[in-house]
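**Student:** Quick one: structure below, then a few questions.
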Amino acid sequence: MADEQKDLGYEIRELAILFGRRIKKEACKRKIKKLMGPQAMVLNFIYYNPEKIIYQKDIEKELSIRKSTASQLLDRMEANGYVHRIVSNKDKRLKQIILTKKALEQKQAINEMTKQIEKELMKDLSAEEVDAFLKTVNKIKNNLN
C-alpha cells in the first residue's frame, strides 16, 4: 500500500459514483429509461425467482432497504408501468409484486447492458482478483449488518 492511508469509505463511495455514471451513460445510449439502479435490481430479483411469490418485505430484505424506501421504489415502478401489486388471497395486508409486460421487454436490453459493463469492469482483473474482491466486499457488508 502507498505511504498514504486510503480511506475505504471514500473509495467505496467514489467507485459507486463512477459505476452509477457509467450505467447512466450506457442506459441513455440504449434508450433504457426509468428502470435503473434499485428498480433494475427489483426487476432482476423478481425475474430470477419465478417460482417464488414476491412481497414488498422480500424486496426490502434482498436490497437491504427500509420499508418506506421499498414502498417509494415500488410506487415509482408501478407509476412507470413496470410492476403490479396484487392483494394476497391469504393475507389482505400483503400485496404480491409482479412484473408487467413492459418490464419484461426492458429486461433483455438491461441484460445486454449489464454484460457489457461487467466486461468493462473486469477488463484488467484476473479471476482470482475478482474472487478476492467479492469475498472482501461480502465481509464488509457482513460487518455493517
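The values are calculated or read from the model by the stated rules, or taken from the named source; none is laboratory data. Only a predicted model underlies this, so the values are computations on that prediction, with no experimental measurement involved. Counting neighbours? That spans all protein chains shown, and the Cβs are built from the backbone with ideal geometry, glycine included.
**Student:** Any idea which of Ile54, Ile86, Ile17 is exposed (fewer than 13 other Cβ atoms within 10 Å of the Cβ) and in contact with a strand residue (DSSP E or B) (Cβ under 8 Å, 6 or more places away or on another chain)?
**Tutor:** On the way: Ile54 fails: exposed (fewer than 13 other Cβ atoms within 10 Å of the Cβ); Ile17 fails: in contact with a strand residue (DSSP E or B) (Cβ under 8 Å, 6 or more places away or on another chain).
From the options Ile54, Ile86, Ile17, the qualifying one is Ile86.
**Student:** From Glu118, Glu78, Glu129, grab the single residue that is free of Cβ contacts under 8 Å to residues at least 12 places away in the same chain, charged (D, E, K, R) and surrounded by 13 or more Cβ atoms within 10 Å (Cβ to Cβ).
**Tutor:** Details: Glu118 fails: surrounded by 13 or more Cβ atoms within 10 Å (Cβ to Cβ); Glu129 fails: surrounded by 13 or more Cβ atoms within 10 Å (Cβ to Cβ).
Step by step, each of Glu118, Glu78, Glu129 is checked, and only Glu78 is free of Cβ contacts under 8 Å to residues at least 12 places away in the same chain, charged (D, E, K, R) and surrounded by 13 or more Cβ atoms within 10 Å (Cβ to Cβ).
**Student:** Can I ask one more? Test of understanding: among Glu60, Glu112, which residue is acidic (Asp, Glu) and at pLDDT below 95?
**Tutor:** On the way: Glu60 fails: at pLDDT below 95.
Answer to the selection: Glu112.
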